[in-house]
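Enquirer: One structure follows; several queries about it will come next.
The values are calculated or read from the model by the stated rules, or taken from the named source; none is laboratory data. Just so we're clear, the structure is a prediction, and the values are computed from it rather than from any experiment. Counting neighbours? That spans all protein chains shown, and the Cβs are built from the backbone with ideal geometry, glycine included. Ligands, DNA and RNA are stripped out before the accessible areas are found, and what is left, the full protein with its side chains, is counted by its heavy atoms. Shrake-Rupley method; radii C 1.70, N 1.55, O 1.52, S 1.80 Å.
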Amino acid sequence: MKLAVLAANGRSGRAFVAHALAARHSVRAGVHGSSDGLESHPKLTIVTCDATNEAQVQDLIEGQDAVVSFIGHVKGSPSRVQTEAMRVLTGAMKSQGIRRVVSLTGTGVRMPGDHISIVDRALNLAVEVIDPQRIQDGRAHVEVLKESEL
């Protein structure tokens with residue numbers, strides 16, 4: 001399978017890319033900034049990609065079978081980076097006829113069937129008090145994805 005990976009240079013992205021390559025998938029790794037931690041591989045193409053830049057996202061996903069997004073908050077990122085990235089991504093995917101997407105989001109986003117421990121509830125409450133915009137962005141990003149029908 002040909003996979004495009006947004007935020008491939010983050011901790012989760014690097015782990016996913018390594019596993020995808022080990023499973024013999026081809027990977028177009030979208031990186032914002034440095035590609036440190038991504039080892040050279042014949043089935044790996046590294047592409048500079050700001051996930052909120054439509055032209056760069058279009059380039060990253062062109063000709064791919066599916067997209068995996070690991071977009072998350074880092075120091076200095078916009079408060080709605082996940083939501084904006086998902087809007088750009090879903091639009092690009094629709095224009096290119098790509099239907100498969102997996103997106104990882106962070107704390108505070110709940111889906112049917114989740115089993116939430118008391119520790120998780122407490123930690124999420126703390127994050128919601130300290131950084132409510134991060135929680136709101138994760139939830140809004142999921143809504144964009146749901147509305148996309150991808």
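Enquirer: At a Förster radius of 22 Å, what calculated FRET efficiency corresponds to the Cβ-Cβ distance of Ser148 and Ser12, to the nearest 0.05?
Expert: Working: r = 22 Å, r/R0 = 0.98.
After rounding, the FRET efficiency stands at 0.55.
Enquirer: How far apart, in nm, are the 7 Å Cα→Cβ label points at Asp65 and Ala126?
Expert: That separation, rounded to one decimal, is 4.2 nm.
Enquirer: Here's a follow-up. Counting only residues 5 or more places away or on other chains, whose amide H sits under 5 Å from the amide H of Gln64 once H atoms are built in the peptide plane?
Expert: When sequence neighbours closer than 5 places are left aside, there are no close amide H contacts.
Enquirer: Could you give me the ³J(HN,Hα) list for the stretch 35-52, computed from phi with Karplus coefficients 6.51, -1.76, 1.60 and θ = phi - 60°, whole Hz, x at Gly and Pro?
Expert: Listing the rounded values in order: 9, 3, x, 9, 7, 4, 7, x, 9, 10, 10, 9, 10, 5, 8, 8, 5, 9 Hz.
Enquirer: Something else now. Compute the FRET efficiency between Ala22 and Gln133 as 1/(1 + (r/R0)^6), taking r as their Cβ-Cβ distance and R0 = 22 Å, and round to the nearest 0.05.
Expert: Details: r = 36 Å, r/R0 = 1.66.
Using R0 = 22 Å, I get an efficiency of 0.05.
Enquirer: What figure, in Å² to the nearest 10, do you get for the accessible area of Arg99 with a 1.4 Å probe and non-protein molecules left out?
Expert: That residue has around 140 Å² of solvent-accessible surface.
Enquirer: Give me a comma-separated list of calculated 3J(HN,Hα) values for the stretch 78-90, in order, Karplus coefficients 6.51, -1.76, 1.60 applied at θ = phi - 60°, integers in Hz, x for any Gly or Pro.
Expert: Rounded to whole hertz, the list is x, 5, 10, 4, 5, 5, 5, 4, 5, 4, 4, 4, 5.
Enquirer: Looking at the chain as a GNM with Cα springs under 10 Å, which of Lys43, Lys94, Lys75 has the largest mean-square fluctuation?
Expert: Highest fluctuation of the listed residues: Lys75.
Enquirer: Tabulate in residue order the Karplus-calculated ³J(HN,Hα) for the stretch 108-125, using 6.51 cos²θ - 1.76 cosθ + 1.60 with θ = phi - 60°, rounded to whole Hz; enter x for Gly and Pro.
Expert: x, 9, 10, 10, x, x, 5, 10, 9, 7, 5, 5, 4, 4, 5, 5, 5, 4
Enquirer: Skipping prolines and chain starts, which residues have an amide H placed within reach, meaning under 5 Å, of the one on Ile71, given they are 5 or more residues away or on another chain?
Expert: Distant-sequence amide H within range of Ile71: Leu104.
Enquirer: Still on this structure, I have one more. Take peptides 56-65, 103-112 and line them up by average Cβ neighbours within 10 Å, highest first, as a rough protection proxy. Could the numbers behind the result be given before it?
Expert: Details: 56-65: 18.5, 103-112: 14.8.
By packing density, highest mean first, the sequence is 56-65, 103-112.
Enquirer: To continue, here is another question. What FRET efficiency do you get for Asp36 and Ser117 if R0 is 35 Å and r is their Cβ-Cβ distance, rounded to the nearest 0.05? Could you put the intermediate results ahead of the total?
Expert: Working: r = 34 Å, r/R0 = 0.97.
That gives a FRET efficiency of 0.55.
Enquirer: Then there is this: Could you check what % of the DSSP bridge pairs in the chain are antiparallel, to the nearest 5? Before the final figure, lay out each step's value.
Expert: Working: 0 of 18 bridges.
Restricted to the chain, the bridges split so that about 0 percent are antiparallel.
Enquirer: Now for a different question. Could you order Ile118, Ile98 so the one with the most accessible surface comes first? Probe is 1.4 Å.
Expert: Details: Ile118 130, Ile98 10 Å².
The most accessible residue leads, giving Ile118, Ile98.
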